[in-house]
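Student: Can you keep this structure in mind? I'll have questions shortly.
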């Protein structure tokens, strides 16, 4: 087998392309690419010894997103990282950089012990789900870094803001809404690979942000209206509607 030392060469061979574009995916070639990339990483020198990490995958309500759950904590509780282009994680998150090396990936969301990966429409999950799970698992077992130690503080803040934490409460109603979201809504949303955060409450309208698998999910609006809106209207006097923040 020829020695391949450059990622672009791997892509050119795996996708049967010359130059910068390719017309269609070859599922068998994509599987080969993922397996070859794992074998390359496994042979890298200087592998750090650590307790083995296992990863399992879960579907989400969003057909474009898959949740990959790790047996170890990836980021401290409360920190969220969202990257929507291959350029955003550069110098910040080696894990996200690694996942974005795959050409079908369009977004990476990291929270707690899971990674939510969103793909484009050019390939089905059943062709890459297993390989991607192993791809992420092998990275965590060999490299293991989720965030660079010298990542710029401002870049981390921006990544966290993209994922959206709760806005500061300005009154008792805001505090009650945030409390309800934290206690009843957030655990269920995170279980589906997403995140919800309070943004504002004005003129009877609660605005929230939806990230991870919730972003762009066809069923998220149904959940927002039939679940979250009904709960907040029942628990917080004055709430008339719940809407999602425009991205």
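The values are calculated or read from the model by the stated rules, or taken from the named source; none is laboratory data. Everything quoted here is computed from the prediction, not taken from an experiment. All Cβ positions, even for glycine, are placed from backbone atoms using ideal geometry, and neighbour counts span all protein chains on display.
Student: Against the condition at pLDDT 90 or above and surrounded by fewer than 16 Cβ atoms within 10 Å (Cβ to Cβ), how does residue 145 come out, does it pass?
Tutor: Yes; evaluated as a whole, the condition is true for this residue.
Student: Out of the residues in the range 166-177 that are outside any helix (DSSP H, G or I) and surrounded by 15 or more Cβ atoms within 10 Å (Cβ to Cβ), which is modelled with the lowest pLDDT?
Tutor: Across the range 166-177, the extreme among qualifying residues is 167.
Student: Among (1) modelled with pLDDT of 90 or more; (2) in contact with a helix residue (DSSP H, G or I) (Cβ under 9 Å, 6 or more places away or on another chain), where does residue 180 come up short?
Tutor: (1)
Matching residues to (1) in a loop (DSSP other than H, G, I, E, B); (2) within 29 Å of residue 150 (Cα to Cα); (3) at pLDDT 90 or above:
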position: 9; (1), (2), (3): no, no, no
position: 12; (1), (2), (3): no, no, no
position: 44; (1), (2), (3): yes, yes, no
position: 48; (1), (2), (3): yes, yes, no
position: 62; (1), (2), (3): yes, no, no
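Student: Turning to a different aspect of this structure: In this structure, does residue 82 turn out to be at pLDDT below 95, crowded, with 17+ Cβ neighbours inside 10 Å, under 30 Å from residue 182 (Cβ atoms) and touching a helix residue (DSSP H, G or I) at 6+ places or on another chain (Cβ under 6 Å)?
Tutor: Here the answer is yes, as residue 82 does meet what is asked.
Student: Determine which single condition residue 127 fails, assuming it passes every other condition in (1) part of a loop (DSSP other than H, G, I, E, B); (2) in contact with a helix residue (DSSP H, G or I) (Cβ under 6 Å, 6 or more places away or on another chain).
Tutor: Unmet for residue 127, out of (1) part of a loop (DSSP other than H, G, I, E, B); (2) in contact with a helix residue (DSSP H, G or I) (Cβ under 6 Å, 6 or more places away or on another chain): (1).
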